Amino acid sequence: MSRFRIDVADLLHHPGARRTVRLREPVDDLAGSAAVVPDPVAVVLDLERINEGIVVRGAVTATWRGDCARCLTPLTRALELHVDELFEPDPVAGETYPLEGHELDLDQLVRDAVLLELPLAPHCDPPCPLPSPANDDAEPDVDPRWRALSDLEL
């Protein structure tokens, strides 16, 4: 059962009605390829009843953790995202979200917003320097499996 399920029966019976929702809940398995959101996600959303369904506007706030892709330093960064989406009884795949009876499930909206903003290759800010070789004059180590190719004369 989603912790982001909201009963909106009061809005459905009054066109133009509005309500603000504030939640702070954990989201299971919220991770990208190089960053994870281990802490609860906070939402502050305004719900507004329109003819087509319910418009959800507001902010989603989360904190991600990952390692710098260059120096492997652990990183923690905050995300604050704006969302503006429509929930309707007959959703259009990839464009709107489902309004199921008199309930909204904000879980997929939260997941979509956060996952799209997670970095694919996190890096330090300001960018960390690239590691330099210990000795630039030394011949690079050759993998012994490829050493025989070095002896070939073409």
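Details
- Considering only the chain, percent of DSSP beta bridges that pair antiparallel, nearest 5: 95
- Debye, to nearest 20: dipole size of the chain, +1 on Lys, Arg Cβ, -1 on Asp, Glu Cβ: 620
- The label point for Asp151 and the one for Val36, both projected 7 Å from the Cα toward the Cβ, are 4.7 nm apart.
- Rounded to the nearest 10 Å², the accessible area of Val36 at probe 1.4 Å: 60
- Estimated Rh, segment 1-44: Kirkwood, alpha-carbon pairs, angstrom: 12.8
- Relative to the longest principal axis of the Cα atoms of the chain, the long axis of helix 107-117 makes an angle of roughly 30 degrees.
- Our estimate of slack between Asp29 and Val44, defined as 0.36 nm per intervening residue step minus the Cα-Cα distance, is 3.3 nm.
- With the helix formula -39500 (n - 2.57) applied to DSSP H stretches of n ≥ 4, the chain reaches a computed 222 nm mean residue ellipticity of -3000 deg cm²/dmol.
- By a 1.4 Å probe calculation restricted to protein chains, Asp141 has an accessible surface near 150 Å², given to the nearest 10.
- Label-point separation in nm, Arg70 to Thr96, each point 7 Å along Cα→Cβ: 4.6
- Taking a Cβ cut-off of under 13 Å around Asp84, the surrounding Lys, Arg, Asp and Glu residues balance to a net charge of -4, with basic ones at +1 and acidic ones at -1.
The values are calculated or read from the model by the stated rules, or taken from the named source; none is laboratory data. In this text the structure is predicted, and so the values were computed from the model without any measurement. Please note: Cβ atoms are built from the backbone with ideal geometry, for glycine as well, and neighbour counts cover all protein chains shown. The area values use the complete protein model at the heavy-atom level, side chains included, leaving out ligands, DNA and RNA. Shrake-Rupley method; radii C 1.70, N 1.55, O 1.52, S 1.80 Å.
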